[in-house]
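Read the structure below first, then the notes.
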Amino acid sequence: MSLPVLLLDVDYNQEKDFLSTFEQDVADGLAEIDLQDDGDMPARTKSLKYMKQLQRVANREQEMLVVDLEDISQHERTVSELVSRIRKNARRYISLFSEVVDALMPEPTKDISEHDEVIDVILQQRRQQNERSEAGQQQFPNHLLRRYNLYFQPLRSDIAMAVRDVKGAHLGHLITVRGIVTRVSEVKPLLRVNAYTCDSCGSETFQDISRKEFQPIFDCQNEESCKRNGIRGTLHMQTRACRFSPFQEVRIQEMADQVPVGHIPRSMTVHVHGSLTRHMNPGDIVHLGGIFLPIPYTGYQAIRAGLLTDTFLEVHHIHQLKKQYSAMEITPEISEQIDDLARDPQLYTKLAQSIAPEIYGHIDVKKALLLLLVGGVTKTMGDGMKIRGDLNICLMGDPGVAKSQLLKYISKVAPRGVYTTGRGSSGVGLTAAVMRDPVTDEMVLEGGALVLADNGICCIDEFDKMEESDRTAIHEVMEQQTISISKAGISTTLNARTSILAAANPLYGRYNPKITPVENINLPAALLSRFDLLFLILDKPSREDDEMLANHVTYVHMHNTHPHLEFDVVDPTLIRHYIARARQFRPVVPAEVSNFIIEKYVTLRKESKDDDAQKKSHTYTSARTLLGVLRLAQALARLRFSDDVTREDVEEALRLMDCSKKSLHDDEEDAQHHDRSDVSKIFRLIKDMAKQARGGKKGRRTRGSRRLGKGPGGERDMDVDEEEDDADEMSMVDIRSRILSSGFTEAQLMETIIEYENLDIWMRVANNSKLRFIETD
């Protein structure tokens, strides 16, 4: 029984004529224009755009030919609904456009013999043979003659769909899908044109391959030799004359915000051809524009699947939502904003408070997270040894102090950020798993969260809930930044150049002041030493702080934005571009700063030894602590766009490290400490500066200098050196620079000066340009 055949009156020639006319009009218009683009000629955008690309293709300088649907939409004054037809029947229009491009392809304007391949030599010989022969010329497959890959770029107004929203009605359509790349196969050659050679007459035969399976040709079809002489020649495959195209299979998964309640994320297979291969890596968040097509199962899968078919997306356009720092495009407007931001004296505090401004407080934690985004300098020694520059930070604290929110924000701001939880992650899920490749049926490695976060940040929440066997899997990553695998006959080392940002709760959920800090933290020393900073965020009741926190939270809930701050919050996009420029600097440590770091490190070791003797130790000071100080100081220098680490950078790094350690003391130890208000902190900084200045003056005092001290009435004796008279005077410029670089504001500095001036601790002299301590009996 034969099925009825319906002939539909669809005139493809009309579309083909339009495409030919459209492209020919462009060619006619350009016939009068010099393609070298004279200087006194006005710029021709649309017409010159594609003809220049075709000329580059003819000269073997370009392989990727992108037809933008926006250009066709603007030129759609001649034919209606062309863009709509392309979007609904994209595969057909690929062949139509390719035929028109073949007709319009110009001749090369330079010698391209150096780019000749084996197929070019064969084609040249066949053309010469056809010229000498009286028989009809042989037709070559189109893929054999084309030196370009044609793609459609979707409209910019297209809304990216979720994977689960792609239905059967979209088959054959040009659509845009949003998702995260989970698996990327190796690039393999895909056969497009198969070449054969006859063992009798030596002629070549070409077979166009358009399906996944094909039937090879065995008998020679040459009319001039084999068939005329009655010889049945046998064909043999010739790999060198075949035409291959790069092919890559990618797996994308829908984003977490696209998954309905109670469902699991869905995946889609993506096929990438030609010049678009190697543009995606696992962990990338992308918008993929392509043609949604069906593909039948083959082999044993076809027997098992029956009438079912699989589907895939043939990619034509890739848009990276979060580009790497090195791939970011900086416009002149953004560059100007970055320059203005770099000149701001309160840059450090401004950028830190712009991180998650909806979260109240945690200024020092936000400063540490800013340095985590910037990172230190990764160095490679001559013998191949590497010293990591990425920072590792652990946030440990009571419930409800916004640890998880900070982790979520950092994972979104970072170009490559992966968020995972301790209970939902296994050692294999963090490092790498051995799986069977569905395409080649080989055992392959599939990277886990740490591999997906390569050159980025991996945020691990509920770090204390992880199993001990799974937690040890990240020890190598945190220091060596590699993952060594020996499974299923696969022995290799994967890169995991990532920063670890972990959040954990104390042993009993909340911090218990009745037990030691080590028992509260409940993490092994081998793991704690790998963290550059360990913050313990305690939820202590305080009327003033609780009232400000409540006002902040209620304002955010009422207005869906953060309260007004002292300055405008920097946009996350601008922060990302600023960090991208800052990471281009590689600051070094001068000799005088190196000596200062050595002195501080020796002091830290002595304090750690004393704490061990008194059983107050909660962290272990080792050589990793010294490396952590260097990394923090380098990040601060990068933030200033500087090539040298200064003493202030080291002091701020030590302050952050001291601040993270001071927060680990219990309430009784905190009560024994002095006032921790901002005014007191600024006063102690200025007092330390005075001590350093006085010590420097004593070192420069000459051997014959005298000091007779004060008289009974408090008056100074006349026999005092001139420079000793200024020993307790400091420049306000130096004080302002030091205080602002430490993260405080100008208003806080002036409040401190006025408050202690009223207490007769110091006084301003020399038209308020210097500050002098008032000495008392």
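If the condition is being open to solvent by 60 Å² or more (accessible area, probe 1.4 Å) and without any contact (Cβ under 8 Å) to a residue 60 or more places away in the chain, then segment 242-256 contributes F244, A256.
A613 meets the conditions (1) open to solvent by 60 Å² or more (accessible area, probe 1.4 Å); (2) at pLDDT 85 or above in every case but one. The failed one is (2). Residues that are assigned to a helix (DSSP H, G or I) and polar (S, T, N, Q) were ranked within segment 563-608; the one that is nearest to A637 (Cα to Cα) is S594. Of D344, D310, D339, all but one fail to be part of a helix (DSSP H, G or I) and either under 22 Å from the mean Cα position of the chain (by Cα) or without any contact (Cβ under 8 Å) to a residue 60 or more places away in the chain (or both); the exception is D339. Would you say A591 is small (G, A, S) and open to solvent by less than 50 Å² (accessible area, probe 1.4 Å)? So A591 fails the test. Restricting G172, G179 to residues that are in contact (Cβ under 8 Å) with a residue 40 or more places away in the chain and in a loop (DSSP other than H, G, I, E, B) narrows the list to G172. Within segment 88-99, residues that are in the same structural domain as I291 (by the TED database) sit with their Cβ atoms under 9 Å from residues that are assigned to a helix (DSSP H, G or I) and of a type in the set (G, A, S), at 6+ positions apart or across chains, in these pairs: E99/S20.
Take P357 and tell me if it is farther than 19 Å from R638 by Cα and free of Cβ contacts under 8 Å to residues at least 60 places away in the same chain. It is false that P357 is farther than 19 Å from R638 by Cα and free of Cβ contacts under 8 Å to residues at least 60 places away in the same chain.
Across segment 486-507, the number of residues qualifying as open to solvent by less than 10 Å² (accessible area, probe 1.4 Å) and either assigned to a strand (DSSP E or B) or outside the structural domain of A368 (by the TED database) (or both) comes to 6. When L372, L351 are checked against the criterion of being buried (at least 20 other Cβ atoms within 10 Å of the Cβ) and in contact with a strand residue (DSSP E or B) (Cβ under 6 Å, 6 or more places away or on another chain), L372 stands alone in meeting it. Applying the criterion of being open to solvent by 60 Å² or more (accessible area, probe 1.4 Å) and at pLDDT below 85 to the residues of segment 165-191, the residue that is farthest from G417 (Cα to Cα) is E186.
Restrict the check to segment 221-243 and report whether at least one residue is under 39 Å from the mean Cα position of the chain (by Cα) and more than 16 Å from A162 (Cβ to Cβ). So far as segment 221-243 goes, yes, one or more of its residues are under 39 Å from the mean Cα position of the chain (by Cα) and more than 16 Å from A162 (Cβ to Cβ). Considering (1) at positive phi; (2) of a type outside the set (S, T, Y); (3) assigned to a helix (DSSP H, G or I), the lone condition that E333 does not fulfil carries the number (1). Kindly list, by first and then second residue, each pair from a residue in segment 554-576 that is touching a residue at least 60 places away in the same chain (Cβ under 8 Å) to a residue that is in a loop (DSSP other than H, G, I, E, B) and open to solvent by less than 80 Å² (accessible area, probe 1.4 Å), limited to pairs with Cβ atoms under 6 Å and residues at least 6 apart or on different chains. If the second residue must be in a loop (DSSP other than H, G, I, E, B) and open to solvent by less than 80 Å² (accessible area, probe 1.4 Å), the pairs left are H562/P357; V569/S354; V569/P357; V570/S354. Only strands (runs of 3 or more DSSP E) whose full extent lies in segment 388-475 are considered here, and the ones with at least 2 residues that are open to solvent by 10 Å² or more (accessible area, probe 1.4 Å), assigned by the TED database to the domain that holds R497 and more than 22 Å from D539 (Cβ to Cβ) are 417-421, 432-436, 443-447. Here N222 passes the criteria (1) surrounded by fewer than 19 Cβ atoms within 10 Å (Cβ to Cβ); (2) not in a strand (DSSP E or B) except the one numbered (1). Inside segment 476-485, residues that are assigned to a strand (DSSP E or B) and open to solvent by 40 Å² or more (accessible area, probe 1.4 Å) make up a count of 1. Taken over segment 530-562, the residue count meeting the criterion of being among the β-branched types (V, I, T) and in a loop (DSSP other than H, G, I, E, B) is 1.
Just to be sure, is G289 surrounded by 13 or more Cβ atoms within 10 Å (Cβ to Cβ) and within 23 Å of the chain's Cα centre (by Cα)? Against the criterion (surrounded by 13 or more Cβ atoms within 10 Å (Cβ to Cβ) and within 23 Å of the chain's Cα centre (by Cα)), G289 qualifies.
Could you say whether any residue in segment 257-271 is surrounded by fewer than 18 Cβ atoms within 10 Å (Cβ to Cβ), in a helix (DSSP H, G or I), not β-branched (V, I, T) and not assigned by the TED database to the domain that holds K403? Yes - at least one qualifying residue is present in segment 257-271.
The values are calculated or read from the model by the stated rules, or taken from the named source; none is laboratory data. All of these numbers come straight from a predicted model, not from anything done at the bench. Reconstructed Cβ throughout: ideal geometry from the backbone, glycine too, with neighbour counts over all protein chains shown. Areas reflect the complete protein model, heavy atoms only, side chains present, ligands, DNA and RNA absent. Shrake-Rupley method; radii C 1.70, N 1.55, O 1.52, S 1.80 Å.
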